[in-house]
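For reference, the structure is listed below as structure tokens.
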């Protein structure tokens, strides 16, 4: 099983309302050094099958279901060496 | 003439839509369970409001892969009428039957109140009973209703007059305050290129009787009946 991590974020051109509110809250707490905050999703998956094609298959999963290419960008990290804790 | 109201797990405006069609429009209507693989025999399909599949992942994202959706896509491709209300609009965008997407309201809050809509295109099957520029009052109830689309898509929508309804104030002006969710260009509802698939965030089915505070939703519902009669 490969351990796969998918990060999904709103496209930079879209206002991330949630991120802006969190940025304001951090600034109000005194963290004036915090600039733009963007909030996304992290999807951690265990994926079996041919290790050589895991990346391609997960990319297909992202395009079909996990991300909406109209509004979101995604990145995929595949860790084939990870021991999956049960 | 027959209507079908699709029910997903988590739909919650299915009964409102059914009631409006059966008891107000007095037209035949069935519920269609999301596991069905055919919608043959229906002239207009309604994707109702709600929180299909708990809005997990993204609004409408899981419903888009319900067994019934393939049949609904085929229904639309044959030129039959399809309307998505609120969560139904989100499903239509996820299905790419309509362009763009619906994301979190700018104010982050779930907004549940009456809004005003200006009818920009009164020549669609869904608005042919309206006057161009007519202001309709009906409720919204959503947390993710901010319509977004890239510039080429918006330009195409504007050029072909497919932004059917825009949020406005009671006088029909698109003031910043009248935009309840931050939708780009005040978009409240759009139609596809062949004018048979319409999605909107406001709820015409919840504005179908004076008891509910407005009967303006009937303008849209009666338009559909007129369009179906004309097609027979």
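The table for this structure:
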read-out	value
Check on residue B:66, surrounded by 20 or more Cβ atoms within 10 Å (Cβ to Cβ) and within 14 Å of chain A (Cβ to nearest Cβ)	yes
Among the candidates B:190, B:197, residue that is within 14 Å of chain A (Cβ to nearest Cβ), surrounded by 15 or more Cβ atoms within 10 Å (Cβ to Cβ) and touching a strand residue (DSSP E or B) at 6+ places or on another chain (Cβ under 9 Å)	B:190
Residues (part of a loop (DSSP other than H, G, I, E, B), modelled with pLDDT of 95 or more and more than 21 Å from residue B:111 (Cβ to Cβ)) located in region B:42-56	B:42, B:43
Residue within region A:24-35 that is surrounded by 13 or more Cβ atoms within 10 Å (Cβ to Cβ) and closer than 20 Å to residue B:106 by Cβ present	yes
Candidates B:171, B:146, B:137, B:158 - the one that is crowded, with 21+ Cβ neighbours inside 10 Å and out of contact with any helix residue (DSSP H, G or I) (no Cβ under 6 Å at 6 or more places or on another chain)	B:146
Failed condition for residue B:177, given (1) free of Cβ contacts under 8 Å to residues at least 12 places away in the same chain; (2) over 21 Å from residue B:148 (Cα atoms)	(2)
Some residue of region B:98-108 being within 11 Å of another protein chain (Cβ to nearest Cβ), farther than 24 Å from residue B:194 by Cα and within 16 Å of the chain's Cα centre (by Cα)	yes
One residue from A:8, A:43 being outside any loop (DSSP other than H, G, I, E, B), crowded, with 16+ Cβ neighbours inside 10 Å and touching a residue at least 40 places away in the same chain (Cβ under 8 Å)	A:8
Flag for residue B:76 being touching a residue at least 24 places away in the same chain (Cβ under 8 Å), under 25 Å from residue B:222 (Cβ atoms) and surrounded by fewer than 22 Cβ atoms within 10 Å (Cβ to Cβ)	yes
Breaking point among (1) at positive phi; (2) surrounded by 15 or more Cβ atoms within 10 Å (Cβ to Cβ), for residue A:58	(1)
Residue B:74 vs. criteria touching a helix residue (DSSP H, G or I) at 6+ places or on another chain (Cβ under 6 Å) and not in a strand (DSSP E or B)	no
Qualifying positions in region A:11-38 - in a loop (DSSP other than H, G, I, E, B) and either more than 10 Å from chain B (Cβ to nearest Cβ) or over 24 Å from residue B:181 (Cα atoms) (or both)	A:12, A:29, A:30, A:31, A:32, A:33, A:34, A:35, A:36, A:37, A:38
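The values are calculated or read from the model by the stated rules, or taken from the named source; none is laboratory data. Since we're looking at a predicted model, the values are computed, not measured. Here the Cβ is made from the backbone with ideal geometry for all residues, glycine too, and neighbour counts use every protein chain on show.
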